[in-house]
Amino acid sequence: MAAEIINEISEFLQKGRAKNVKVLVEEALAQGIDPKEILNDGLLAGMMVIGGKFKRNEVFVPEVLVAARAMTAGISILEPKLVEIGNEPIGKVVIGTVKGDLHDIGKNLVAMMLKGAGFEVIDAGTDVDADTFINKAEEIGADAICMSALLTTTMPYMKTVIDTLKERGLRDKYIVMIGGAPVNDTFAEQIGADFYTADATSAAEAAKAAVLARK
Ligand code: B1M
């Protein structure tokens, strides 16, 4: 029964049917299915299928875009269930997808898990330049700057942000975290980021550990 509805969520997501995805996610929650299972085995699994087809030129940008909208619709229903914010924020972060990059699904998931871990999260959006990251961090007194990139052509911009922090004498003031499909530990080390994490859950755990270690 659970497997059936989760499979349907994945199928409708692949067809870009946002309304159906929304209704099915609501139904799955009403059936008591774990929100993480709905996210991982329904929404993310469907998006992986689309990603594979996109790579093999079996579907194109418009299909991916409607699937992404369906994913966002599903996530909007899941978010309150996945996020349980404590009274006192444990820290503040600025998050964004770097300049030139419009992918925001993964970044939004990381933001959601950070909120769930008790952070106040300022989402700078997509296509975020170095000054915007840094000025927002200065404005809110952030503990960490979190950057996402999904393109091999935009990941080098993470270094630009770190270099700008250095130029402004602010590098040591912030924990710098990076992530996104083309990024890895070696790259994080090369550009001088504090750390890389592979997924939204580990990003939130690592951010919490890093911020608490500084306090
Ligand atoms: Co784009 N796209 N796309 N795309 N797209 C990829 C990334 C690609 C791998 C597809 C492919 O060829 N197989 C490819 C990149 C190739 C490369 O650079 N190596 C690609 C391309 C080429 C492009 C365009 C250039 C296509 C074109 O126009 N010709 C174009 C670029 C536009 C731009 O940004 N300037 C483009 C456009 C688009 C859409 C707009 C159609 C759409 C984005 C919609 C949106 O985001 N609102 C889209 C999508 C959806 C994808 C795929 C299919 C799925 C990405 C996604 O959302 N995955 C993707 C193929 C793929 O990844 N299989 C692809 C689900 C998401 C939950 O995963 O973002 O990896 P992800 O996030 C994970 C982790 O990476 C991690 O946690 C998340 C959850 O666990 N994570 C972090 C992410 N950020 C983190 C930050 C952290 C820590 C962890 O700390 C701060």
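The values are calculated or read from the model by the stated rules, or taken from the named source; none is laboratory data. No experiment lies behind these values; they were computed from the predicted model shown. Note: ideal-geometry Cβ built from the backbone for every residue, glycine included; neighbour counts use all protein chains shown. Side chains are part of the model used for accessible areas, which takes the heavy atoms of the whole protein and leaves out ligands, DNA and RNA. Shrake-Rupley method; radii C 1.70, N 1.55, O 1.52, S 1.80 Å.
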Over region 1-113, calculate the relative contact order: mean separation of alpha carbon pairs under 8 Å at least 6 apart, over the residue count, as a percent.
30
Which is the longest part of the chain that has none of the GluC sites (Glu not before Pro) sitting in a DSSP loop with at most 12 other Cβ atoms within 10 Å?
85-215
Tell me, what % of the accessible area of region 104-215 is carbon and sulfur with a 1.4 angstrom probe?
49
So what's the angle, to the nearest 10 degrees on a 0 to 90 scale, between helix 61-82 and the longest Cα principal axis of the chain?
80
Round to the nearest 10 and give me the degree value, 0 to 90, for the angle of helix 130-140's Cα axis relative to the longest principal axis of the chain.
80
So with the 1.4 Å probe, I'd like the accessible area per residue for the chain, rounded to whole Å².
50
Could you pull the accessible area for Leu212 with a 1.4 Å probe, rounded to 10 Å²?
90
Quick one: compute the contact order of the chain, relative version, from alpha carbon pairs under 8 angstrom and 6+ residues apart, as a percent.
17
Ordering Asp101, Asp34 by how much accessible area each has at a 1.4 Å probe, largest first, what is the list?
Asp34, Asp101
For region 97-211, radius of gyration divided by Kirkwood radius, i.e. Rg to Rh on alpha-carbons:
0.91
Of the listed links Lys19/Lys115; Lys136/Lys173; Lys36/Lys81; Lys15/Lys36; Lys107/Lys173, those spanning more than 18 angstrom between alpha carbons are Lys19/Lys115; Lys15/Lys36; Lys107/Lys173
Low-density loop positions, chymotrypsin sites (Phe, Trp or Tyr not before Pro), region 8-105 - DSSP coil, at most 11 other Cβ in 10 Å
Phe60
Treating only the Cβ atoms of Lys and Arg (+1) and Asp and Glu (-1) as charged, compute the dipole magnitude of the chain about its Cα centre; round to the nearest 20 debye.
260
Sparsely packed trypsin sites (Lys or Arg not before Pro) within region 78-177, loop by DSSP, other Cβ within 10 Å at most 16
Arg168
